[in-house]
1. Restricting the search to segment 156-185, which residues are within 21 Å of the chain's Cα centre (by Cα) and open to solvent by 30 Å² or more (accessible area, probe 1.4 Å)?
2. What pairs come out if I take residues in segment 75-86 that are on the phi > 0 side of the Ramachandran plot and assigned to a loop (DSSP other than H, G, I, E, B) and pair them with residues that are open to solvent by 20 Å² or more (accessible area, probe 1.4 Å) and aromatic (F, W, Y) whose C-beta lies under 8 Å away, six or more apart or interchain?
3. Filtering segment 87-103 down to residues that are over 16 Å from N51 (Cα atoms) and assigned to a loop (DSSP other than H, G, I, E, B), which residue is most open to solvent (accessible area, probe 1.4 Å)?
4. Does S188 satisfy the condition of being at pLDDT below 95 and under 20 Å from F20 (Cβ atoms)?
5. Give the residues of segment 209-218 that are surrounded by fewer than 18 Cβ atoms within 10 Å (Cβ to Cβ) and assigned to a helix (DSSP H, G or I), sorted by residue number.
6. Which of the following residues is at pLDDT below 70, assigned to a helix (DSSP H, G or I) and in contact with a Ser or Thr (Cβ under 9 Å, 6 or more places away or on another chain): K241, K275, K229?
7. Kindly evaluate K199 against the criterion of being open to solvent by 30 Å² or more (accessible area, probe 1.4 Å), more than 20 Å from Q86 (Cα to Cα) and in contact with an Asp or Glu (Cβ under 9 Å, 6 or more places away or on another chain).
8. When the residues of segment 135-152 are narrowed to those that are of a type in the set (V, I, T) and part of a strand (DSSP E or B), which ends up nearest to F182 (Cα to Cα)?
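The values are calculated or read from the model by the stated rules, or taken from the named source; none is laboratory data. What you are looking at is a predicted structure, and each value in this text was computed from that prediction instead of being measured. Here the Cβ positions follow ideal geometry from the backbone for every residue, glycine too, while neighbour counts run over all protein chains shown. Note: areas computed on protein heavy atoms with side chains; ligands, DNA, RNA excluded. Shrake-Rupley method; radii C 1.70, N 1.55, O 1.52, S 1.80 Å.
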Amino acid sequence: MQQTSRYIDLTTDYGFKRVFGTDVNKDILIDFLNDLFQGRKVIKDLVYNKNEQVGDTSKLGTVIFDLICTADDDSQFIIEVQRSRQENFKERIIYYGSKLISDQALKGKREQWAYAITEVYVIAIMDGFHFSDTQDYLHDICLCNRKTGEIFYDKLGFIYIELLNFSKTENALESDLDKWLFVLKNMSRLDKLPIYLKKPIFQKLFQIAEYSNLSKGEKEMYDVSLKRKWDEYAVKQYWKKEGLQEGIQEGKLENMKSVTRNMLSLGLDVELISKAVGLSVEEIKKLQ
């Protein structure tokens, strides 16, 4: 696959983890998180945790997060890039945050622990779909009193970023957070470091994200990640163009098979097609 942009796409799986997910670049993630909290919280250092979490039972299996880290004040963060709408997305994110809390309990030493819960935050960067019916691009959520709006507990937080709703142009960027969101959404479309991003951390970011600076192996991994994103986009566009959602939801088998054959002819990923039309991978392979 031919890479045409100078900088990698930060919303691809590989692009995001390369820039934000390594110790040598953790200052980039720290800067982003501090701007995201807008002064409400300050992170001076962090460590990356194992991103694979084992389920409580063998049936639950394992959960692999994009990034999970712990700050110098012991607060924990799950950071994910989500590119397509998923069933029970809110419930899944709440489960993730709750699991980080329950895992803090000392086995057999609950009285000693005394429910000294550290802060837990789940941050979801959503690219390519709408999360809400509003035009807001930043949703900062915590527990509050439904009647008064008074915050009940703010140390379990869920921050959702809807990149589709972030429409600020270069001239309209006001804060460092605006600049971060602009870069997340548009970096692969840029051909140089803009003047308004001369902050040292952005200079480092652009140097790391330059495609020509990747090794051969890194380019191959990024190209695979980018193709997968393009395939996901193609599935969504095909779905939208043909107006197929209602027919699929009605469970018309022949309709699903016809859609599947058309998607296969476009060279789309079998697993992505499976998610889109509701047929199993095995059933789709029989149609190839």
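1. L164, S167, K168, D176, K179, K185
2. Every condition considered, no pair remains.
3. E87
4. Values: at pLDDT below 95: yes; under 20 Å from F20 (Cβ atoms): yes.
Yes, satisfied.
5. Quick first cut of segment 209-218, residues surrounded by fewer than 18 Cβ atoms within 10 Å (Cβ to Cβ) only: 210, 212-213, 215-218.
Once the filter is applied, which keeps residues that are surrounded by fewer than 18 Cβ atoms within 10 Å (Cβ to Cβ) and assigned to a helix (DSSP H, G or I), segment 209-218 yields S212, N213, K216, G217, E218.
6. Working: K241 fails: in contact with a Ser or Thr (Cβ under 9 Å, 6 or more places away or on another chain); K229 fails: at pLDDT below 70.
Result of the check over K241, K275, K229: K275.
7. On the way: open to solvent by 30 Å² or more (accessible area, probe 1.4 Å): yes; more than 20 Å from Q86 (Cα to Cα): yes; in contact with an Asp or Glu (Cβ under 9 Å, 6 or more places away or on another chain): yes.
It is true that K199 is open to solvent by 30 Å² or more (accessible area, probe 1.4 Å), more than 20 Å from Q86 (Cα to Cα) and in contact with an Asp or Glu (Cβ under 9 Å, 6 or more places away or on another chain).
8. Residues of segment 135-152 that are of a type in the set (V, I, T), as a first pass: 141, 148, 151.
With part of a strand (DSSP E or B) added as a condition, the list becomes 141, 151.
Working: I141: 22, I151: 30 Å.
In this case the residue turns out to be I141.
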